[in-house]
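Colleague: Starting off with a structure, shown below.
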Amino acid sequence: MSVLVDHFDVFVGGFWLTFQLCILSAVGALALGALVAVMRISPVPPLRWIGTAYVTVFRNSPLTIVWFFAAFGLPALDSNADFLRIPGLSSIFSRLGIDLPYFRFAVIALSLYTAAFVCEAIRSGINAVPPGQAEAARAIGLTFGQNLRYVVLPQAWKSAVVPLGSVIIAMIKNSALAGFFGVVGELSNSAQNLTSALGEPIIPVFVGVSIGYLVMTVPLGILLDRIEQRRAVAAR
Amino acid sequence: MSQQQTVLYDAPGPRAHRITLIVSLFAVVGIAAVGYFLVYRPLDENGQLTMEKWGPLVDPNNEVFPLVWARLRDGFIATLTAAGLAILSSLIFGTALAVLRVQLKTLKQRRFVGLPDPAAWALRGLGWLLNAVTRFCVEIFRGLPVVITIFFVASALPDLGVDLGDILWYLVIGLTIYNGVVIAEILRSGMEGLPGGQREAAHAIGFSSFQTTRMILLPQAFRIMLPALISQLIVVLKDTSLGFIISYEEVLRVSRYIIDNLENPIQVYAVVGAIYILINYLLSKLAEYAQRRMARGRKTRALPTQAAPPSIMPQAGPGGASVGVGADAGSTT
């Protein structure tokens, strides 16, 4: 178990990088997912088709392929994802700014993939609002914006928050793939380094890395369970 | 589709129709422009659309076409073998774990009245301990990335002196640990979501607690949770692609070899991705079909935890853990 003490800084650094990756991808996925959800429920057919196609493609392809596409496809499109080098942001998340694009590719791949699931969670939330609610809102003369703001979205949010949380948990777990796609110093990458390059014993490294991920996933899962239980009691 | 339309919008009148049409036209033009300038042009300029890159994949007259597809076919067979084995074993493991956890839960409630005090306390302590251990394992392996599980299974097992020979088995074990635990939780929440009367009736006609689980609860849980189970199977199929990190020769690894020789990563991954999407799409359609049949055939199933007041959002209250299947038309409470 001495590896946990000797290489404590490696684990903490890996955890920190994974955490950054997750925050950035979560923000990206939520924004993009909301956009796709809006497209999917818009009254304009072409936008709806695009949204549906997006969800079908990304929900059904393995994350690995999405990742390969980000890593090989973006350079072919003449881009090293430099648009993510936003001045203020890359001073906080230092990995965004450096020359090697792998961290940016990781953020893009995770956001693109997770956005499809975010879209489905939001859409199922909106679908769970009974049509009568929106009809009543229209009948008393609320505009479309007011209808969304005061009637539909608050109720949709209620039933979407738990699925959204599970999507984010899944995303945190998926972020482990980054270590195998060249994001140096990330938690699962440090695991590889410690075991194969430095020859540290496997089980302690496994324990350390597991703690790094469980620290993020388990509290979030418990929080979701709480919310869900409260809902179940309230619904009774 | 049409359902959410009625949630948010009135049925469009002539003016709304006109507006929709105009916006649609603009949208089509905009999308086409984005597609042309941001995707097609750069791809074309970088020579990604030439027959040199695509030929080996789409042109049967190309000299490497049969070779490439033979490799891809082998890769997909390897992927499907691993996925099939992983699905089978995680179903078995998951069912066993679900039964175990339900049994332990009933065991925890037993007081062992007939036995002398110390023995009763010991048995209760044992039941509590086993319950805690299984719960702990479930939480751990559910919270870990499956990549990490696979990676460490593949490196730890040979380290501990367990040599399985083929890399396939490490992948299958890694996938089974994660997905088995998830399936166990799905089945367990299905069993716990059943009306209490099912269990009581089984006890009343003299079933033991194991018989109750096996013959009454489990079949119903499978049936209710079928859509969730099928989506989990899609997850297994997708996760099989992670085999490349432990150098299992599945389709992505094989594509890598092809790419090393032909240098056309985008094209190969596009084709492989399309095949993956097709398979998974069909599977998810199957899940939807199962869900529809479930909702149609079993309207009378009443899940007490689901019985929300019908006026406020009847589908929104998630009953039990994730028992959200079927409209609770005939709820009793």
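The values are calculated or read from the model by the stated rules, or taken from the named source; none is laboratory data. Computed from a predicted model, the values in this text were never measured in an experiment. Here the Cβ is made from the backbone with ideal geometry for all residues, glycine too, and neighbour counts use every protein chain on show.
Colleague: How many of the residues in the range B:11-41 are surrounded by 12 or more Cβ atoms within 10 Å (Cβ to Cβ) and either at pLDDT below 75 or part of a loop (DSSP other than H, G, I, E, B) (or both)?
Modeller: Total meeting the criteria: 1.
Colleague: Now for a separate question. Please pick out the residue among B:98, B:86, B:82 that is within 13 Å of chain A (Cβ to nearest Cβ), closer than 30 Å to residue B:188 by Cβ and either assigned to a helix (DSSP H, G or I) or among the small types (Gly, Ala, Ser) (or both).
Modeller: After applying the criteria, what remains is B:82.
Colleague: Then there is this: Which of the helices (runs of 4 or more DSSP H) contained wholly in the range A:4-77 include at least 3 residues that are in contact with a Cys (Cβ under 7 Å, 6 or more places away or on another chain)?
Modeller: Qualifying helices (runs of 4 or more DSSP H): A:8-41.
Colleague: Among the residues of the range A:162-188, count how many are modelled with pLDDT under 85 and surrounded by fewer than 21 Cβ atoms within 10 Å (Cβ to Cβ).
Modeller: 5
Colleague: Output the residue which, of all residues in the range B:1-10 that are at pLDDT below 70 and of a type outside the set (Val, Ile, Thr), is nearest to the chain's Cα centre (by Cα).
Modeller: Only one residue fits best here, namely B:1.
Colleague: Across the range A:134-161, what is the total count of residues that are touching a residue at least 60 places away in the same chain (Cβ under 8 Å) and either charged (D, E, K, R) or surrounded by 19 or more Cβ atoms within 10 Å (Cβ to Cβ) (or both)?
Modeller: Residues flagged as touching a residue at least 60 places away in the same chain (Cβ under 8 Å) and either charged (D, E, K, R) or surrounded by 19 or more Cβ atoms within 10 Å (Cβ to Cβ) (or both) within the range A:134-161 amount to 1.
Colleague: Return the residue satisfying two criteria in turn: it lies in the range B:240-268 and is outside any helix (DSSP H, G or I) and either of a type outside the set (Phe, Trp, Tyr) or without any contact (Cβ under 8 Å) to a residue 40 or more places away in the chain (or both), and of such residues it is farthest from the other protein chains (Cβ to nearest Cβ).
Modeller: B:249
Colleague: I need a count of the residues in the range B:194-216 that are of a type outside the set (A, V, I, L, M, F, W, C) and without any contact (Cβ under 8 Å) to a residue 60 or more places away in the chain.
Modeller: Number satisfying all stated conditions: 9.
Colleague: Another question, if that's okay. Could you please find all residues in the range B:110-152 being within 14 Å of chain A (Cβ to nearest Cβ) and among the polar types (S, T, N, Q)? Please lay out each step first, then the result.
Modeller: Filtering the range B:110-152 for residues within 14 Å of chain A (Cβ to nearest Cβ) gives B:135-152.
The one that is within 14 Å of chain A (Cβ to nearest Cβ) and among the polar types (S, T, N, Q): B:149.
Colleague: Can you say whether residue B:172 is over 26 Å from residue B:220 (Cβ atoms), loosely packed, with under 13 Cβ neighbours inside 10 Å and of a type in the set (A, V, I, L, M), as far as the supplied structure shows?
Modeller: Against the criterion (over 26 Å from residue B:220 (Cβ atoms), loosely packed, with under 13 Cβ neighbours inside 10 Å and of a type in the set (A, V, I, L, M)), residue B:172 does not qualify.
Colleague: Residues in the range B:184-193: is at least one charged (D, E, K, R), more than 10 Å from chain A (Cβ to nearest Cβ), free of Cβ contacts under 8 Å to residues at least 40 places away in the same chain and crowded, with 17+ Cβ neighbours inside 10 Å?
Modeller: No: zero hits.
Colleague: Determine whether residue B:50 is of a type outside the set (D, E, K, R) and surrounded by fewer than 16 Cβ atoms within 10 Å (Cβ to Cβ).
Modeller: yes
Colleague: Right, next: Can you name the residue in the range A:157-169 that is of a type in the set (A, V, I, L, M, F, W, C) and facing another protein chain (nearest Cβ under 9 Å) and is also nearest to the chain's Cα centre (by Cα) among such residues?
Modeller: Going residue by residue through the range A:157-169, those that are of a type in the set (A, V, I, L, M, F, W, C) are A:157, A:160-162, A:164, A:167-169.
Pick out the ones that are also facing another protein chain (nearest Cβ under 9 Å) and you get A:162, A:169.
Working: A:162: 14, A:169: 8 Å.
Taking the candidates together, the pick is A:169.
Colleague: Take the residues in the range A:38-80 that are more than 10 Å from every other protein chain (Cβ to nearest Cβ) and closer than 23 Å to residue B:24 by Cα, then tell me which one is surrounded by the fewest Cβ atoms within 10 Å (Cβ to Cβ).
Modeller: This residue is A:53.
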